[in-house]
Amino acid sequence: MIPELGHFALIVALFIALMLGVLPILGAARNNPVFMGIARPLVYAQFLLLATAFACLTYVFLVNDFSVLYVSQHSNSQLPHIYRVAAVWGGHEGSLLLWAFILSGWTLAVALYSKHLPEEMVARVLGVMGLVAVGFLLFMLFTSNPFDRLIPAAADGRDLNPLLQDPGLVIHPPMLYMGYVGFSVAFAFAISALLGGQLDATWARWSRPWTTVAWVFLTVGIALGSWWAYYELGWGGWWYWDPVENASFMPWLLGTALIHSLAVTEKRGAFTSWTVLLAIAAFSLSLLGTFLVRSGVLTSVHAFATDPKRGIFILGFLVTVIGSSLLLFAWRAPKIGLGGKFDILSRESLLLSNNVLFSVAAASVFIGTLYPLFMDALGFGKLSVGPPYFNAVFVPLMVPMILLMGLGPLARWKKFDAPDLAKRVRWAFASAVVIALLLPFVLGKWTPLIALGLLLAFWIIASLFIGLRQRLAGRGGFMRRVRGQTLSYYGMQLAHFGVAVFIIGVTMVKGYETERDVRMEIGDTVKAGGYEFRLEGVSETTGPNYVAARGHFLISKDGKPTTELFPEKRQYNASGMPMTEAAIDTGLIRDLYVSMGEQIPGEVEAWAVRVYHKPFVDWIWAGCLFMALGGLLAIGDRRYRLKSKKTIQVNDGSPTAAGITAAGGK
Amino acid sequence: MKPRQKKFMYILAAVALLGMAVGLVLYALKDNVSLYFTPTQVHNGEAPQGRSFRIGGLVQEGSVTRATDGLTAHFEITDTHRSIPVVYQGILPDLFKEGKGVVAHGKVEADGVMHADEVLAKHDENYMPPEAADAMKKAQEANAAEATSKPAAAPTAK
């Protein structure tokens, strides 16, 4: 009965979404207040219905109702409760339901926090989000209904994929989806601005906090996924340029570009058309991500079983969304002015190059990800594009980006004086160069890439100091100046600092990690990164739904014991799948990582073992966290909480520009 | 600078950047694309020598042996029509199993053995890598062709 209730809720939600997608937009076009006013109640209803559907699916998972096909495929009576909840989005159908549910949540948030926006704008934004929901609900009901019954019911379920039975996987997909789907808000704002023909600084200011929230979620989601891959897959890598990783990374790259171009649009009224295009592209790539992950067209660790019907549906949906929004863009964009004037040497043009570089980076990832697909479709045979391609393209693109990133916050809007700026940053740059050249010698190994990485990281940090000094030093009380800066300024600096932390992590782990695959007998010792790993013994242990061989490693440095690690080699009862559970000792400046391979047949008990010493690896995720926190700070800025309908004035009098001018003028 | 000159500068910069980006992508693609072949194709000598590529198929039942160092594994990848011996030093993935789908990346040396630097098995036990699935499909066709052509060809062939 409960599954049918969920199914019914989905069907009703589809009709509500249809009404939401049509009536308010019509109302806004004809200036009909009744049709516009109906948007919010429809959003509430849609959210309640999808919450009901989601609750129903969670319930059938919790009570082990194996007469539901999806439950029988992704759960098991031995599965711990927390993973039964996570199993709701452990497969294709459920993750789509999660997607639709999150979309309705975002729509609800827009409906609730848009009281200060003009009625037509709200109607259009909610309407566009309703249309997106129509697409997803149709997809779910026609090709992938999570409530389909299995008759006769299975005696027990096939179990959740052991890799997904992990706390990281409980929160990774919802976070990622919050980000993916969150870009639908930026998209809806862009589309409704196109429909209404009012692309101005006001629109950018409304759309900006939403975009930033989505970006924060996406950043956290990607970082969680990377962290999960690091400790769960057992090979110690944190990024593999897997198509599905790329699928989440492309919207992130464009989303980052979008955040920066929205800043220009809001502050200076420039780049409007470009910003709209970015918003459309970022959301389209989110949809493309779904297509790549869910259709199974690409070889990927994430791919679920292929169903061509699904792929064609998503492709059709994708073509409809991209095609119609680009048509709308082509039709309406010429009516929009290009905005403020600026010099070649100006903060605008620095941000423009940021945008170009991010877009080119996204395009290069796009090409690398889809190239095999095109070649296969054209009959040129199957091939794959691996990490070397992405590294070869990405590093040269990111170097100028980071160098410019140090300059951007220091440069003036409209026009800056190049010699003056050079004079201001020369010591920062020089000290970064010196540190980058010398530090690797101290650390024991000098390579050009290590030096380059450190140069970029310290350049960011040094330029950040210059920026802060200019803002905070000078006449007046220091504390008053500290309080005088906007939260969004601190947010930006924190996010940029996160990039520096991230780069340090990547550089150190790439440059100085030790990875050893060895055969170990009980009592054997292996050295990695100055630490000694000794295998004390291997014992049998049982978990709630698995049995495992559990290794006992004693780690010591210079004869002094550091820690003990207990990696496991698990065998899951229901699926029979083996799984490596790595053991990690996390530290501020290094991780010690042990994972067990298989037992090696022979007379004495011996195991294949991976032993890693990974310096600064956690800085990678810490950097992402700082970026996300920076985003959060920026959203907290006071100007987004103003409940006025006043349009802001686009001139040099905006707070940040004034601060820069004052600081830069000395 | 006059507005027209400025515009020209922007266009020039954009074209230069675009050109560089395209060049970079093409250059990187040229060297870093790994082609994929089925065991039958490798057997027929269609795969390039001295260059890395991927083969996909099933791990031949009973073919997995280990050297005394415990870390070097020998096995065969088959598409049920032909099979290619593979040697790999390192820890095999969890889901590497005889009779299951696998993809190996490496070079085939003159001795006809693939020296793999990467062996992939997939997250889900019942999920077949597309490369492996494709190899099986082609091999079935090849097997079928052989089965039908043999009786007819046998009298005339030898």
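Values in this text are rule-based calculations from the coordinates and carry no lab data. Bear in mind the structure is a predicted one, so any value in this text is a computation, not a measurement. Cβ placement follows ideal geometry from the backbone for every residue including glycine, while neighbour counts extend to all protein chains displayed.
Using the 10 angstrom Cβ neighbour count as an exposure proxy, how do B:Ser52, A:Ser261 rank, fewest first?
If I rank by nearby Cβ atoms, fewest first, I get B:Ser52, A:Ser261.
Give the average over all directions of the projected area of the C-alpha convex hull of segment A:395-495, one decimal, in nm².
8.1
State whether segment A:144-231 is rounded, prolate or oblate according to the following rule on the C-alpha gyration tensor (a ≥ b ≥ c being the square roots of its eigenvalues): a/c under 1.5 gives rounded; otherwise a/b larger than b/c gives prolate, and the remaining case gives oblate. Let's see the in-between values first.
On the way: a/c = 6.00, a/b = 1.85, b/c = 3.25.
Taking the square roots of the gyration eigenvalues as a ≥ b ≥ c, segment A:144-231 is oblate.
What is segment A:567-609 by shape, rounded, prolate or oblate, if you read a ≥ b ≥ c off the alpha carbon gyration tensor as root eigenvalues and call it rounded for a/c under 1.5, prolate for a/b larger than b/c, and oblate otherwise?
Values: a/c = 4.61, a/b = 1.43, b/c = 3.22.
Judged from the Cα gyration tensor, segment A:567-609 comes out oblate (a/c at least 1.5, b/c at or above a/b).
Show that you can apply the helix-only estimate: for the protein assembly as shown, add -39,500 (n - 2.57) for every DSSP H stretch of four or more residues, divide by all residues, and state [θ] at 222 nm to the nearest 500.
Theoretical 222 nm ellipticity from helices: -20000 deg cm²/dmol.
Does segment A:1-134 come out rounded, prolate or oblate by the C-alpha gyration tensor, with a ≥ b ≥ c the root eigenvalues, rounded set by a/c under 1.5 and, if not, prolate when a/b is larger than b/c and oblate if not? Please report the intermediate quantities before stating the final value.
On the way: a/c = 3.43, a/b = 2.65, b/c = 1.29.
Taking the square roots of the gyration eigenvalues as a ≥ b ≥ c, segment A:1-134 is prolate.
How much space per residue, in cubic angstrom, does the convex hull of the C-alpha atoms of segment A:189-237 take up?
Considering the Cα atoms of segment A:189-237, their hull volume per residue is 77 Å³.
Sequence gap at least 6, Cα distance under 8 Å: using those rules, report the relative contact order of chain A to the nearest whole percent.
12
Which FRET efficiency value, to the nearest 0.05, is calculated for A:Leu5 and A:Ala154 with the Förster distance at 35 angstrom and r the Cβ-Cβ distance?
0.95
Hey, what do the phi angles of segment A:343-352 turn into as Karplus ³J(HN,Hα) couplings, whole Hz, using 6.51/-1.76/1.60 and θ = phi - 60°, x for Gly and Pro?
Going residue by residue, I get 7, 5, 9, 7, 5, 4, 6, 5, 5, 5 Hz, with x marking Gly and Pro.
Taking every pair of alpha-carbon atoms in segment A:94-241, give the share separated by more than 22 Å as a whole percent.
Details: 5735 of 10878 pairs.
More than 22 Å apart: 53 percent of the Cα pairs in segment A:94-241.
If segment A:222-286 were replaced by its equivalent ellipsoid, with semi-axes equal to the square roots of 5 times the Cα gyration tensor eigenvalues, what would those be, largest first, whole Å?
32, 11, 6
Using the structure shown, select from A:Lys445/A:Lys560; B:Lys107/B:Lys138; A:Lys115/A:Lys415 the pairs with a Cα to Cα distance greater than 32 angstrom.
The answer is A:Lys115/A:Lys415.
What trypsin sites (Lys or Arg not before Pro) does segment A:85-171 have in DSSP loop regions with at most 14 other beta carbons within 10 Å? Don't jump to the answer; show the numbers that get you there.
On the way: sites: A:Lys115, A:Arg124, A:Arg149, A:Arg158; in loops: A:Lys115, A:Arg158.
Passing sites in segment A:85-171 are A:Lys115.
Thinking of segment A:313-425 as a set of Cα atoms, what percent of all their pairs are more than 26 Å apart?
47
At 10 °C and a viscosity of 1.306 mPa s, what translational diffusion coefficient does Stokes-Einstein give for the protein assembly as shown, taking Rh as the Kirkwood radius over Cα pairs? Give it in µm²/s as a whole number.
After rounding, the answer is 55 µm²/s.
Would you kindly give the portion of the calculated P(r) for segment B:1-93 that falls above 20 Å, as a percent of all Cα pairs? Working shown, then result.
Working: 2568 of 4278 pairs.
Roughly 60 percent, rounded to a whole number.
In whole Å, what are the extents of segment A:69-181 along the principal axes defined by its C-alpha atoms, from largest to smallest?
Result, largest extent first: 55, 31, 17 Å.
In sequence order, what are the phi-derived ³J(HN,Hα) couplings for segment A:56-67 according to the Karplus relation 6.51 cos²θ - 1.76 cosθ + 1.60 with θ = phi - 60°, rounded to whole Hz, with x for glycine and proline?
4, 5, 4, 4, 5, 5, 5, 8, 6, 7, 7, 7
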